[in-house]
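Student: Input: one structure, supplied below.
The values are calculated or read from the model by the stated rules, or taken from the named source; none is laboratory data. Keep in mind it's a predicted model, so treat the numbers as computed, not measured. We place every Cβ from the backbone using ideal geometry, glycine too, and count neighbours over all the protein chains shown. The accessibility values were calculated without ligands, DNA or RNA, using every heavy atom of the protein model including side chains. Shrake-Rupley method; radii C 1.70, N 1.55, O 1.52, S 1.80 Å.
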Amino acid sequence: MSISSVSGDLDAWRGLPALQQPEWDDPDEVRVVAAELAKQPPLVFAGECDQLKAQLADVARGEAFVLQGGDCAETFEGSNADAVKNKLKTLLQMAVVLTYAASVPVVKIGRMAGQFAKPRSKPVEVRGGVELPAYRGDAVNGLDFDASSRRNDPHRLLKAYHCSAVTLNLCRAFTKGGYADLRQVHAWNQDFVAQSPAGRRYEQVAGEIDRALTFMKACGVNPEEFHGVEFYSSHEALLLDYERALTRIDHLSGLPYDVSAHFLWIGERTRQLDGAHVEFLRHIRNPIGVKLGPGTSADDALALIDRLNPEGEPGRLTFITRMGAGKVRDVLPSLVEKVHRSGAPVAWICDPMHGNTFEAPSGHKTRRLDDVLDELAGFFEVHRALGTHPGGIHIEFTGDDVTECVGGGHGLVEDDLHQRYETACDPRLNRGQSLDLAFMVAELYRK
Ligand code: PEP
Ligand code: MN
């Protein structure tokens with residue numbers, strides 16, 4: 001295939017309906033910003049994307065488990081060392097619990113270093129009689145509720161790129177520079193152990209790992225894998241001008257990769273078969289995901305496979321199901337069964353967050369940890385009954401002790417939500433709730 005035909009494919013989405021794109025005041029400004037983005041260095045490399053694809057192929061085969069998570073919406077302000085370190089620390093602790101307690105290799109993917117754009121159910125927000133454009137993520141406009149902040153500003157796309165670079169650089173340093181060394185399992189927990197039931201439970205696991213490491217070292221076993229982890233970045237591929245500008249032809253293979261992140265997914269609201277998002281992601285060679293909500297039919301899923309992975313490349317396509325605790329046991333079985341019968345190699349991941357959001361009497365958008373865990377339990381039950389592999393989890397969490405979801409070891413209730421409600425979009429699990437969830441998933445996996 002010639003490079004020019006590859007580029008033609010990469011721009012075919014422009015002629016199709018693209019939902020959830022911001023209305024920019026000046027299209028010329030967007031073109032100037034896209035040209036600037038196109039000159040920037042890649043954030044990730046094709047070889048790394050291929051490596052993740054191979055690991056996701058292991059997941060599809062039932063030999064590994066995905067832990068994908070981070071903020072609903074990252075913010076520019078949150079692209080700092082402390083916030084990133086806290087998220088990574090929590091992700092590493094969850095991964096340790098899963099690896100140790102479930103005895104399965106864990107593929108670690110952050111919803112980090114690029115999760116700056118949000119689809120919205122309404123284009124406007126009304127507060128106290130004032131109507132303004134909805135917040136669409138820091139890549140588009142600001143969260144503050146005033147007209148100048150809510151103006152869609154294409155220059156924010158460049159800032160999103162730079163914040164992604166800063167965040168990914170921190171992640172690479174933390175995961176390769178000694179901090180993620182397994183001998184640090186206690187250190188990650190030091191600030192947490194005294195304050196939290198989940199932290200104390202984790203401390204026990206860490207103690208067992210420590211003894212195992214000491215034993216192995218005494219036997220002369222001290223492999224490289226103990227000293228760092230592979231970490232991958234991901235976000236929803238929503239803003240197509242941004243994703244297109246960061247797509248490059250890999251000089252080794254001659255194939256296009258979206259170098260804004262290792263893994264990209266299409267959201268529940270933009271997965272139309274004849275829409276621009278499916279068309280664009282069809283042509284990039286990264287591993288990709290599609291969110292599937294409770295309205296998805298098996299035929300929809302099969303048609304998505306046909307469009308996005310017609311050659312059945314293992315690891316290429318992940319389905320992230322987000323059905324809701326009340327529906328997962330009813331709607332997931334026929335979907336999984338028919339896809340499984342088609343023979344397509346799909347990795348199945350459960351997003352137990354987006355089908356379980358409700359509004360508390362105080363007006364805060366929240367989620368119950370019990371609903372989240374119940375959807376996860378349902379996901380495992382369905383896959384176990386069908387003999388398919390429950391391949392992973394996709395969650396919204398933060399490393400800070402926020403009060404955005406209810407339940408968990410500290411017994412957070414709806415009246416507590418106002419205390420530290422800091423999310424820019426959907427409610428996230430805090431560190432203790434995330435660890436509680438990891439222990440529960442490890443138990444489900446072992447069963
Ligand atoms: C999200 O992941 O934040 C999101 C909007 O999810 P979904 O596309 O599943 O609604
Ligand atoms: Mn969300």
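Student: Determine which member of the set Gly312, Gly293 is surrounded by fewer than 23 Cβ atoms within 10 Å (Cβ to Cβ) and touching a residue at least 40 places away in the same chain (Cβ under 8 Å).
Tutor: Being surrounded by fewer than 23 Cβ atoms within 10 Å (Cβ to Cβ) and touching a residue at least 40 places away in the same chain (Cβ under 8 Å) holds for just one of Gly312, Gly293, which is Gly293.
Student: For region 330-353, state whether one or more residues are part of a strand (DSSP E or B), within 16 Å of ligand 2 (Cβ to nearest atom) and open to solvent by 40 Å² or more (accessible area, probe 1.4 Å).
Tutor: The answer is no; no qualifying residue exists.
Student: Would you check which residues across region 89-115 are of a type in the set (D, E, K, R) and within 16 Å of ligand 2 (Cβ to nearest atom) and list them?
Tutor: The answer is Arg111, and nothing else.
Student: Hey, any hits in region 128-135 for a residue that's within 17 Å of the chain's Cα centre (by Cα) and either acidic (Asp, Glu) or surrounded by 14 or more Cβ atoms within 10 Å (Cβ to Cβ) (or both)?
Tutor: no
Student: Mind listing whichever residues of region 100-127 are basic (Lys, Arg) and within 13 Å of ligand 1 (Cβ to nearest atom)?
Tutor: Within region 100-127, Arg111, Lys118, Arg120 meet the criteria.
Student: Moving to a separate point now. Answer yes or no as to whether Ala438 is away from ligand 1 (no atom under 16 Å from the Cβ), in contact with a strand residue (DSSP E or B) (Cβ under 9 Å, 6 or more places away or on another chain) and not acidic (Asp, Glu).
Tutor: yes
Student: Oh, and also: Please specify each residue of region 49-95 satisfying the condition of being hydroxyl-bearing (Ser, Thr, Tyr) and buried (at least 22 other Cβ atoms within 10 Å of the Cβ).
Tutor: Ser79, Thr90
Student: Another question about this same structure. From the list Arg282, Arg269, Arg307, which residue is open to solvent by 10 Å² or more (accessible area, probe 1.4 Å), assigned to a helix (DSSP H, G or I) and within 16 Å of ligand 2 (Cβ to nearest atom)?
Tutor: Within the list Arg282, Arg269, Arg307, the selection yields Arg269.
Student: Quickly run through region 202-232 and pick out the residues that are assigned to a helix (DSSP H, G or I), more than 26 Å from the chain's Cα centre (by Cα) and surrounded by fewer than 16 Cβ atoms within 10 Å (Cβ to Cβ).
Tutor: Gln204, Gly207, Glu208, Asp210, Arg211, Ala212, Thr214, Phe215, Met216, Lys217, Ala218, Glu224, listed by residue number.
Student: Hey, can you tell me all the residues within region 58-88 that are within 16 Å of ligand 2 (Cβ to nearest atom), under 17 Å from Leu429 (Cβ atoms) and of a type outside the set (Lys, Arg)?
Tutor: Scanning region 58-88 gives Gln68, Gly69, Gly70, Asp71, Cys72, Ala73, Glu74, Gly78.
Student: Confirm whether Lys159 is crowded, with 24+ Cβ neighbours inside 10 Å, touching an Asp or Glu at 6+ places or on another chain (Cβ under 8 Å) and in contact (Cβ under 8 Å) with a residue 40 or more places away in the chain.
Tutor: For Lys159, the condition - crowded, with 24+ Cβ neighbours inside 10 Å, touching an Asp or Glu at 6+ places or on another chain (Cβ under 8 Å) and in contact (Cβ under 8 Å) with a residue 40 or more places away in the chain - is not met.
Student: While we're looking at this one, here's another question. Using beta carbons and a limit of 9 Å, which pairs, at least six apart or on different chains, have the first residue in region 109-126 and of a type in the set (Asp, Glu) and the second one crowded, with 16+ Cβ neighbours inside 10 Å and in a loop (DSSP other than H, G, I, E, B)?
Tutor: Listed by first residue and then by second, the contacts come to Glu125/Ala134; Glu125/Tyr135; Glu125/Arg150.
Student: Let me ask you something else. Check Leu412 against each of (1) within 16 Å of ligand 2 (Cβ to nearest atom); (2) open to solvent by 10 Å² or more (accessible area, probe 1.4 Å) and name the one condition it does not meet.
Tutor: Condition (1) is where Leu412 drops out.
Student: Kindly evaluate Arg420 against the criterion of being more than 20 Å from Phe379 (Cα to Cα), at pLDDT below 95, touching an Asp or Glu at 6+ places or on another chain (Cβ under 8 Å) and of a type in the set (D, E, K, R).
Tutor: Considered against the rule, which asks whether it is more than 20 Å from Phe379 (Cα to Cα), at pLDDT below 95, touching an Asp or Glu at 6+ places or on another chain (Cβ under 8 Å) and of a type in the set (D, E, K, R), Arg420 comes out as no.
Student: Which one of these does Ala303 not meet: (1) closer than 25 Å to Val328 by Cβ; (2) touching a helix residue (DSSP H, G or I) at 6+ places or on another chain (Cβ under 9 Å)?
Tutor: In the conditions (1) closer than 25 Å to Val328 by Cβ; (2) touching a helix residue (DSSP H, G or I) at 6+ places or on another chain (Cβ under 9 Å), Ala303 misses (2) alone.
Student: Working only within region 299-332, note down all residues that are more than 16 Å from ligand 1 (Cβ to nearest atom), among the aliphatic types (A, V, I, L, M) and out of contact with any Leu (no Cβ under 9 Å at 6 or more places or on another chain).
Tutor: Leu302, the sole residue that qualifies.
Student: Here is a further query. Take the residues of region 354-373 that are away from ligand 1 (no atom under 14 Å from the Cβ) and part of a loop (DSSP other than H, G, I, E, B): which is least open to solvent (accessible area, probe 1.4 Å)?
Tutor: Applying the filter and picking the extreme gives Ala360.
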